[in-house]
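The values are calculated or read from the model by the stated rules, or taken from the named source; none is laboratory data. All of these numbers come straight from a predicted model, not from anything done at the bench. Here the Cβ positions follow ideal geometry from the backbone for every residue, glycine too, while neighbour counts run over all protein chains shown. When the accessible area is computed, the model is the full protein with side chains, heavy atoms only, and any ligands, DNA or RNA have been set aside. Shrake-Rupley method; radii C 1.70, N 1.55, O 1.52, S 1.80 Å.
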Amino acid sequence: MYKILFLLFAFSLVFIGCKKKGCKDPNAINFDPKAKLTDGSCEFLNVGDSYQGGIIFYLDGNGGGLIAAPTDQSSGAEWGCPYVEIAGADGVAVGTGNQNTIDIEAGCPSAVTAAGICADLTLGGYSDWFLPSVDELQLMFYYLHQQLDGEFTDTFYLSSTESDSFYAKGVSFNWGVQGSFAKSALAYVRAVRAF
């Protein structure tokens, strides 16, 4: 009887010892779906962290978010294609900047645009940069410029959100307010990417 109990105890120790340890939290950047036991190694991202080629300014709560390039891509770019309304480039909300950029590139192919500067960017080993929507740009202002005193100029930054055939939207990094401006006006550009 003692031999059987001893063998069961020894087997359970071996079985428990074989369970893979790691981070079991799916919100952690080092989440291991094969881990059976938590080992306390979970690492989490925060707004302001340097990550994947830039600086995190938005976290979506599901392990993803948005990253701003660490420096401006231009101090004098045009939104482009004045007098032409670009189909689909009117997304305002967080998560619409990439599609706006794709639509601008498709509808305004011959011009050098702020969207094109971002779409053609390769930085930190990543080439999926885009011009942020106006709400994404607003978050960048609030979390990176206001809260963390990021490397921004107190001036007007372009967004990928079109107002109409004559105007596009942007954010003043002096006051944090959204506004419309002529598509041919020159302004600053800061690329973003999603992760």
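Given (1) 50; (2) 34; (3) 44, which label gives percent of Cα pairs over 25 Å apart as computed from the coordinates?
From the options (1) 50; (2) 34; (3) 44, the structure gives (3).
Return one whole number: the accessible area per residue of the chain in Å², for a 1.4 Å probe.
54
Using a 1.4 Å probe over the heavy atoms of the protein chains, calculate the carbon and sulfur portion of the accessible area of the chain as a whole percent.
It is 56 percent, rounded to a whole number.
With a Förster radius of 22 Å, plug the Cβ-Cβ distance of GLU151 and ALA185 into 1/(1 + (r/R0)^6) and report the FRET value to the nearest 0.05.
E(calc), rounded to 0.05, equals 0.45.
When the solvent-accessible surface of protein heavy atoms is calculated with a 1.4 angstrom probe, in what order do PHE156, PHE141, PHE31 fall, highest first?
PHE31, PHE156, PHE141
So how tilted is helix 2-17 from the main axis of the chain? Cα-based, degrees 0 to 90, rounded to 10.
Between the helix axis and the principal axis of the chain, the angle is about 10 degrees.
What number, rounded to the nearest 500 deg cm²/dmol, is the helix-based mean residue ellipticity at 222 nm of the chain, given -39500 (n - 2.57) per DSSP H run of at least four residues and division by all its residues?
-6000 deg cm²/dmol
Starting from the Cα of SER165, step 7 Å toward the Cβ, then list every residue of the range 63-87 with an amide N under 15 Å from that point.
Output list for this probe position: 81-87.
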